[in-house]
């Protein structure tokens, strides 16, 4: 960084503000924009600064006073220093001083008196000595002690030279003092001729003054010659004359004014008296007209005017007035407590009473009567609806009595009560409306009472009382509601007596109305929240809402559970083939729809948390309850499915159900059992399969949907509940499958042995085999029958059913083969041909276990030489041709899906 | 100034005196800034101060450029009292200014009350030889009479400008050294004794 700017020269070194100063020095920057700061005696003078060269700046001094530095600041070199200092002084303008400033005339007078001691002169030392560096002042107290009654002020009469010297020059050397003396002496000499020089310098003005004085003299002499020597006497006389005249005029006006005032006073007094004596009548009239404001105004006025009066007449008049006012107060007070009354009217009445200084507590009385009124209305409402309920109950009784035998009538009456809104719901509605209509006024009344808006004095303790009243009303409201809709949450002994009891309608009926109730209660709650009630009062309601929501939810779920139970009667066994899940009936879809509906309902009414409500899901009890209900709901469908699948075990079909052994005919057993043509319910196997399919669908699809929609609606079911239900369904699935398999494979397998030995067949035969034996064919046909049956219901079930059957067949074959005591050659050939054919045809549905059984069965049969095994090949070839259709039936469907069988 | 460290170089206070328009300011500005100002602007009182090398020693020179006009004669006494050396300047083209040097000399002597005050008589504007009114002889006679040096300068050509300032400073320095010597013996002791006295009293 280059060296900072330094100021080395000033021209001039002192001057009044605005003095043009040439500042010289070094490093003032290379261009005018480098100059960014200039301070003269602490005053910023950058505005007037004119950059001339790196060594020169011209500026004008600011208003700074006394000695100070000139500091230049440049962009590159920073804040500078200063070797020389500038002294600013404030020039005082005197009449003798040339000035470019307009001189005000007023201060000139001041100047006239002090012109001998101009300010600049005082600054100069009279000895011409510098007082610079003479910092150590002589203490003034000491000076006062030394020279009493004297002063160091040169212009003073008591000037003391010693004081002056001690004060200003007690440090000055003797030599300097001598020089000062010389200086003073020379000055005095100079002043002697100075007078002459002063006149010389100001000759123009002196001449002017002389001229003016001469003119004045002329004028005066002229006047004297015209008016005589005493020119002022005439003037004096005129002034006195006019003064006398003026006084005369003024006195006249004054007396007139006094008279007017007296008259006015008298009139005032008269008016006041008339006001007093007429007042009773006026009050009567105004009360009749209902102009209470005027009455109050008059009453206050009369009290101010005559209250302290001792005059008996006035007292009588006053007492007359008082009587009327007391009557008015009583009337207003009664009016105030007569309910119902709009709050504005009430407030107005309170104001009247307060203004009339009534001996009541109008505001508090109003509040009390209002709260009583609310309680009364509650009770009335209850009684009204209770009566309604009783009437309905009586009517029902009558109907029951008259037509109790008829099933139809029962249905009819329940239908009626479904249509008619239950009385307790109506009660809830009315009660909510009552509270939202009446309570805000009470609260507002209370608020304005306590904020002093009513100008009534607030009695100590009323605040707590009012709170108590509010809490009681809210509490009563909640308890009454509870008793109407959720009596089980009430404290039995204490509250039931207080708020009365209701008969709760059936769950089906009430479920319809609960969301409506919730809506009413919520809207009331919203109104209360807006009122800015204390949180304790609001908490009562919010707890109630929580309980109610919980109840509402469980009722909804219970109702749905009930509806799901009803589903079993709605099963029409119509199989739907549409969609990805073929082979199901409408049942699971209906179930899903029901559940979705209830979820939506719950979500809409219960789960949504509105302003200042406790969220149902955050409540542990509620969560548990919900989990339980949902589990019950889902499980109910399980029961439905189960009962559908197995119900007919107990019903009247049992006689037909025993397994029929005569399979050899090749006709499916079901043909016999379809005799009951007018029944919609299909055969048992079919139902079993359908239910199985439904169960699978429910387990795999519906449950997933339901659980997802629970989550989507902001409620995550606990894993456990879902798992429990899933396990239930899975076990049901297994049970169904087992039942079906048992039912199907037992007779199928059972027929193999009798068919094998039909006609006293012996494996030790000598008949050369020409075809596979009928038992094998029968076996295949039976299997195809099972396949078709399963496939009709649901192709997807084929995969789980057929392999099981095949495995049982293979096992039975193995057992039969191992029981054969002796094989002839022909028997061996026959057996091998049979089993190979079966193995080949059943291959598509063979489990590894089944394959092993087939191989084991083959192993048991003694082996053949190559020459004698050709016959087996021939038989197999033949079979392939003859049984082409059957083979196609089993193989293609397994590989290619549905093919017409 | 006392706040600054003690190593502050010696300060020599020079005062320019002489009639109006003889070139006091021109000489000063030429010496300080190598600048020659053509325009005439009467000075009231200007002050300049800078560091210079005097015979290898760093000193500070403080130049007080005073007003030549009679109007300011009254305030001169004040200024003169603080001066340590004087350059009394006249213009060789103006006899009146040469005559006025007599008055200045007297005033200085009266104020300083010292015959041997460092003082140089300077005849300025020596570049205007053709307009010379005061002969060299005349001026140097007067200087001899006063016991001072006479130098002719030109603020325009910078002839002898540095010389007059440096000569004067050397005189001031010599003078100060001499004073220190005489004062050291007496002055200090005197001060000390006085102080002790006060304590005893």
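Arranged from fewest to most other beta-carbon atoms within 10 Å of their beta carbon, B:57, B:171 become B:57, B:171. For the peptide A:172-179, the mean number of other protein chain Cβ atoms found within 10 angstrom of a residue's Cβ is 2.
Computed over the stretch A:1-52, the quotient of the alpha carbon radius of gyration and 2.2 N^0.38 Å is 1.14. Rounding to the nearest 10 and keeping the result within 0 to 90°, find how far the Cα-based axis of helix B:161-200 lies from the longest principal axis of chain B. Its long axis makes an angle of about 20 degrees.
Can you give the FRET efficiency for residue A:383 and residue A:746, using 1/(1 + (r/R0)^6), R0 = 56 Å, r = Cβ-Cβ distance, to the nearest 0.05? Show your work: numbers first, answer last.
Working: r = 71 Å, r/R0 = 1.27.
It comes out at approximately 0.20.
Taking the longest Cα principal axis of chain B as reference, the axis of helix B:95-112 is set at about 10 degrees. By the count of neighbouring beta-carbon atoms within 10 Å, fewest first, A:439, A:273 end up ordered A:273, A:439. Here the Kirkwood formula puts the hydrodynamic radius of the stretch B:10-175 at 15.7 Å, using every distinct Cα pair.
Please list A:163-175, A:829-841 highest first by mean number of surrounding beta-carbon atoms within 10 Å per residue.
A:829-841, A:163-175
When the inverse distances between all different Cα atoms of the stretch A:6-88 are averaged and flipped, the Kirkwood radius reads 12.0 angstrom.
Over the stretch A:758-894, the alpha carbon radius of gyration divided by the compact-protein estimate 2.2 N^0.38 Å works out to 1.06. For the stretch B:146-187 versus the stretch A:749-778, the spacing of their alpha-carbon centroids is 160 Å.
Between the C-alpha center of the stretch A:421-459 and that of the stretch A:214-261 there is a gap of 85 Å.
Please pull out the direction-averaged projected area of the stretch A:218-318, using the convex hull of its alpha-carbon atoms, in nm² to one decimal place.
Values: hull surface 53.0 nm².
Seen from a random direction, the Cα hull of the stretch A:218-318 projects 13.3 nm² on average.
Taking the longest Cα principal axis of chain B as reference, the axis of helix B:136-146 is set at about 20 degrees. The fewest-to-most ranking of B:111, B:17, A:295 by surrounding Cβ atoms within 10 Å reads B:111, A:295, B:17. Inter-chain neighbour count for B:40-47: the average number of beta-carbon atoms from partner chains within 10 Å of each residue's beta-carbon is 5.
Once each part is reduced to its C-alpha centroid, what is the distance from the stretch A:833-876 to the stretch A:1-62 in angstrom? Centre-to-centre distance over Cα atoms comes out at 125 Å. Partner shielding of A:81-90 amounts to 2, given as the average count of beta-carbon atoms from other chains within 10 Å of each residue beta-carbon.
Bear in mind that the values in this text are calculations on the coordinates, not laboratory data. Note that the structure is predicted; figures quoted are calculated from it, not measured. No Cβ is skipped: glycine too gets one built from the backbone with ideal geometry, and neighbour counts run over all protein chains shown.
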